[in-house]
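Notes follow once the structure below has been shown.
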Amino acid sequence: MTLDKYLEDRRGLIDAALEKVVPSEREYPETIHRAMRHSLFGGGKRIRPILTMAAAEAVEPRVNTVERAACALELVHTYSLIHDDLPALDNDDFRRGRPTCHKVFGEAMAILAGDALLTLAFQVLSDLDDVPGERRIRMVTELATGAGTVNGMIGGQVADLEAEGKQVDAAHLDYIHRSKTGALIRASVRIGAIYAAADRAQFEALSKYGTHIGLAFQIVDDILDVVGSTETLGKTAGKDAAQQKATFPALYGLEASRDQANLHLAEAVEALRPIGEPSVRLREIAGRIVTRSA
């Protein structure tokens, strides 16, 4: 199976699972469910839940129903995008080529839609009754930590906001990127490993992979904001420079940023060496993350 076919297949499984866990647009109160689904089913690539599935498959190739756990990552990711786009934060009118949640439903409903998706993510993990309780607790902890304030997504977003218009050094920039984007990607991989009952060596290898590919992902995002178009990206291009964000191109330049993304790609692939052939999809996904154009 080609990587494109693999990604298409896994997206289909995740979308089907999301349909089951998210209330329909007809469920009362209808407005909040329409707002949630507007952003959740707006054409996302599902990279984080696919990483969860691929990590589980690297540990146990015959693993089943991991897409249910993987849904939690997409729910948290989508909540973060809804809130990022709000006027108080990045103030963006478009996401994935469509009007953002607050442009369609208003700011109050968009805030609540993000809150609802975040809450639902933890319900999804808690309801995995075919997974032993100890592993469910570990997955909940990973998700909460990856999305939290200490070296997590929210902490990175705070540091990112506070760095606007300021000169930052390499260590500060590294913290922002590892936390704002990298932490949830790392959690995606680790949750897949936990779901499949990875042993300590497998878990450490996958954790290292997740750390490097998470940082590479955000470096490439920084690059694309400079060289991409609004049409290609599905969101407003050039906003990092306009808002004087702390980015890798701003600190290092484009070519050095590309070099660093490739360096992290190499480290991610090397981390998978102990796992061997079962990790082939993770290696391929890492390559796609670094070479993508959107």
Original post:
Under a Cβ-Cβ cut-off of 12 Å, what is the net charge of the residues other than Leu143 that fall near it, where Lys and Arg count +1 and Asp and Glu count -1?
Top reply: +3
**OP:** Report the convex hull volume per residue for region 43-197, counting only C-alpha atoms, in Å³.
**Re:** 116
Original post:
What are the aspartates and glutamates whose alpha-carbon lies under 12 Å from the alpha-carbon of Lys20, with same-chain residues fewer than 8 places away excluded?
Top reply: Glu67
Subject >> All lysines inside 22 Å of Lys180 as judged from Cα atoms, apart from same-chain residues fewer than 8 positions distant >> reply: Lys45, Lys166, Lys208, Lys235, Lys239, Lys245
Original post:
Of (i) 14.2; (ii) 15.5; (iii) 17.9, which one was derived for mean projected area of the Cα convex hull in nm² from the structure shown?
Top reply: (i)
Original post:
Over the chain, what percent of the accessible surface lies on carbon and sulfur atoms, probe 1.4 Å?
Top reply: 52
**OP:** Would you kindly derive the ³J(HN,Hα) couplings of region 213-222 from the backbone phi angles with the Karplus curve 6.51 cos²θ - 1.76 cosθ + 1.60 (θ = phi - 60°), listing them in order in whole Hz, with x for Gly and Pro?
**Re:** 6, x, 5, 4, 4, 6, 4, 5, 4, 4
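DSSP loop (so not H, G, I, E, B), at most 15 other Cβ within 10 Å: list which GluC sites (Glu not before Pro) in region 1-72 pass both filters.
Hits after loop and neighbour filter: Glu25, Glu27.
The values are calculated or read from the model by the stated rules, or taken from the named source; none is laboratory data. This structure is a prediction, so every number in the text was calculated from the model and none was measured. Here the Cβ is made from the backbone with ideal geometry for all residues, glycine too, and neighbour counts use every protein chain on show. Note: accessible area is taken over every heavy atom of the protein model, side chains too, but ligands, DNA and RNA are not part of it. Shrake-Rupley method; radii C 1.70, N 1.55, O 1.52, S 1.80 Å.
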